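Input: a single structure, listed below in structure tokens.
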Amino acid sequence: MRVLVRCLVAGLVAVGCDGVIQEPPRGAPDAPSPPSVGAPRDLPDPSCTDPGRGNAPELVRRLTQAEYAATVEAALGMPGDPSLLAPEARMQGFANDQSTLLPTQQVVLGLADYARALTDALLAAGDPWLGRAPCADGTCMARWMQDVATPLFRRPPSAAEAETFGELFEALVAEGLEADAAGATTLRARLLAPQTGYRLEGDDGVALRLALDGASRAAFFVTGRGPDASLLAAAAELMAPEAREAQARRLLRTPEAGRVVDELAYGWLHLDTLEGLTPTGDAGFDQELVASAQALVRAVWLEDGGALRDVFRADYVVPVSARAARRLRVEGAPPGERRSVAGDRSRAGILTEPALLAGTGADSFPLIHRALFLYRDVLCESVPEPPPGVTEAQPGSPTDSERVQSESRAADGACGACHAVFDPLAYGLEPFGFSGEWRDIDVHGNATRTDGVFLDAAGVTHAYADPRGLGDAIAGDARVDSCVLRRIVRLAWGRALEVSDACDLAQIRARFLELGSTYEAAVVAIVTHPSFIATD
Amino acid sequence: MTKNRTIRLSRRTLLRGLGATVALPFLEEMRPRAAKAQEAVPPRVLTATLGGGLAKEWQAGDYFGSVLAPLRPFEEKLAFVRGLQGRDNHGPANAALMTGADWIKDVPVTTAPTIDWTLATRFYPEGLPGPLPFLGYGTRIRREENLLQVARAWDDTPSPVGFPHFTPSALFRAIFGRPPTQSAEEAAGEAAADATVVDAVLDQYRHFAGDAGGLSMASRRRLSDHMDQIQSLERAVGGLALEGCDAPELPPDVVLGFIDDIEPRNDPRRSDVGTFLRQGRVMTDLFVLALRCDLTRFGHAVLFPLAAHGIWRGSVRDAAGRLVDFDALRASVSDLNRHGDWHNTNHLLPRHAGEARERALTVAAAYRQPGVDLLAHLLEGLDAPESVESNGRTILDNAVFFAVSELATNHDGDGVFHALGTAGERFRTGVLDVPAGATTRQLYDTVLDAFDAPRVNPDVAFGAPGTLAGVRR
């Protein structure tokens, strides 16, 4: 979809750049909206009734491959080889969308390989019993499994389930396997069981028990893995929002919370785009740039406790490697540590991270794609698609600078209606090349510029002179926090937002703003809202 | 499903497919058993997608006179429906492709099942037969954020029926399982234990997918789908224990190396078109092998010639059989497109006229050619003597077969490429011109009518209803 919008031509004449909050309704074609650039875009009155009813689970969820690996690792105390797991399909950047969590051939075969490699490694390490006493019969194995399965199943296994695996152990021994091998093979069956791979947190596997389900929801949302022992122990209290808040705040202090922020940044900032682009020509280097961008978001949101919008005015970078430091123009900075860039007017926090610049700029028209990213994914504004018959011909010369080409689009009657609105958002990023490198002169010999104007939510124009000014303008816009919040809600719910979610979203947003617009505020607002706990 | 067949394929043959000497037919040593002739012909539904578009100009006049030249041998095997109106632009076009459905802006899913799913479930209302209820492969080489460009078969949820395998080894693994690494005795012992594990796991899935699980129908179906995939796992953990259908050896992973390197348009390690074609042929041959072994009856091929902004290196044969070098081609449009990549060359088409347009069109054609070549290779496999079935016709003759593209020139839906097999002489062959304004939806309804299958849901369909005369025999 990156290539969809060039010159929106008559589409803008017909439908306008409407400024309506995105997340289109499902089940009906989008309807044109009247032009209202800069108009307030509040959600409906949060005093609506019957909140949370639209979020009951209708479809059992498979764990994402990352959630599965993290849960298994936590349960067994031994990491597996995640490269054996199939890459997850992503929906609008996120891997946990319920519509894409399909049991594909790739997924099922990857799980089999992963489980086998893990149990083979346990055998090779001489620890198939995970430090517990070995078993010689099915009764012992059933007991052993009751201990081991709880973190895997996110609930205590039933006696019948444990007994089933005791019987499997005995069958394997009867087939001639040594006890160690039979134990490891039984564990492999546990790793492949639906209770491990799917969210089936019912006490007997028949009915979803709400509290356990809530514990899992909270754990996967905040830490990206199944619930820890403390959360499971507190599961019965989780129907109370205060208990959920306390647990969420506790989980946010664990190292695993960073995993979810990384995933959020990955999807929201289009960092997944780099999977197929290799802008540096070195996939390992690309990943270091991605990790550096994620580290910055983690630092601002989790370590500093800043507002969500503060990522656009962070005055430091966090390169994770020496070569990432060079690309970030802080050569010599120790990997993984913050390096101040305060006073450097060419910085705009996350906006000038090479990974983001490459992911949004890997095209012949990086200015358009970067502007669209800001317009859609940071400000949550909507851009109509070109109508049928539109061409994507560009006014102006292909050897003009990006800025001059944009000005040609803006002056073009057909293109200008929209491009004049969103193109200037990225003017301050023109010096950054395809893979985020700084250029005073572009490939055609044109001097690059950094000045521009930013139109805020109230329709007020703010001139800026450089990337720092652009970052400050964005960070000062009231739309940003609410827009990023929507991405976090989407991740929490694991699905696209719908019109029917407006009431829930409005209430969550109100609480989020009240709590200070931070990442922690977003998490607390989401987990304490009635929509977070499924109701029968 | 019957699996009582044997196909022999030597390592040497497979390696030839992967290596530089791919001129010989890859499947020449595959020999189906005589018993095959006694079996009934199963209904199959197969599709191939030439993603990224085929310009209307290449279908004009002598249909097989330019990019589509490799398809000329199949003029009497397929209906090449010319002049169909699809949707413009990637989102709407992909949503409508094979569905006839309208599009929801910004949502990378469609609103209706693809007609291959509708037909497959019409043929198999009790569920698609195993061991591979669905098999897909693709030569698309980069991750896509738009699911509609990756998953081409959608069920009535609608959710993707599955995702294609994008590497030879992954496709091989799906078909034949993991190759043995131990002695026969060790493998036999491990296979027995694995079978026991699989039984235990399947029992658990049956519980939750059954009435006793207490889950919603949608959840039960999802778990049931997982069980279906475990059938693949069962075969995999059993080593290469396909009943009577021997496997070739695992394609070497060296081919995978270039997968990650294909996209960067500014990288000197640009994609080698020869490697791309060799890999595509190997995957196509494996797909055909799975069909001949009757391992699957429902599948598709995603034949993207190149990711949007990719640049080939190497050369390809044009319609006249001449070798054309991509560096020279790129140089020929350097005044129009500084990168010489496929995507922007495609965009040049409406922007220029006369000589400049012709140059751009020539380059665009060269970029599309490998995808058409692979489609021809797939058709050859499905129509080869080894693919003759008990009724004397080939798999290509018997199956419902669709080859489609979502766009025509640039991002225009006017004149989208659609070719249709005869499906047991139900449909005509040759180049069929349809009336102006005829839509892909009307073609789909024409095909669905032929099998008494439900038409495209009018509540979500685009364009006027109706069917096309002259397509059915």
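Before moving on, here are some points about what is shown:
- What separates the Cα centres of the stretch A:327-347 and the stretch A:428-442 is a distance of 17 Å.
- Spread of Cα-to-Cα distances over 5 Å intervals beginning at zero, given as percent, for the stretch A:209-360: 2, 10, 17, 18, 16, 12, 9, 8, 6, 3, 0
- Relative contact order of the stretch A:62-111, taken over Cα pairs closer than 8 Å and 6 or more residues apart, is 39 percent.
- Pairwise centroid distance, computed over Cα atoms, of the stretch B:375-441 with the stretch B:50-66, Å: 14 Å
- Neighbour-count ranking [beta-carbon atoms within 10 angstrom, fewest first] of B:Ser387, A:Ser83: A:Ser83, B:Ser387
- Proportion of all alpha-carbon pairs of the stretch A:65-207 beyond 18 Å (%): 56 percent
- Residue-span extension gain [B:Ala356 to B:Ala331] - 0.36 nm each, minus C-alpha spacing: 7.7 nm
- Over all distinct Cα-Cα pairs of the stretch A:407-536, the Kirkwood formula returns a hydrodynamic radius of 17.5 Å.
- Reducing the stretch A:103-136 and the stretch A:453-470 to their Cα centroids gives an inter-centroid distance of 55 Å.
- Compactness index (Cα Rg / 2.2 N^0.38 Å), the stretch B:322-424: 1.40
- Nearest-0.05 FRET efficiency for A:Ile441 and A:Arg345, computed from C-beta distance (R0 25 Å): 0.85
- Peptide A:177-184 is shielded by partner chain Cβ atoms: per residue, an average of 1 of them sit within 10 Å of its Cβ.
- Sorting the segments A:333-342, B:436-445 by their residues' average number of neighbouring beta-carbon atoms within 10 angstrom, most packed first, yields B:436-445, A:333-342.
Read-outs: derived from the displayed coordinates by stated rules, not from any lab. Only a predicted model underlies this, so the values are computations on that prediction, with no experimental measurement involved. Glycine gets a Cβ as well: all are built from the backbone with ideal geometry, and neighbour counts include every protein chain shown.
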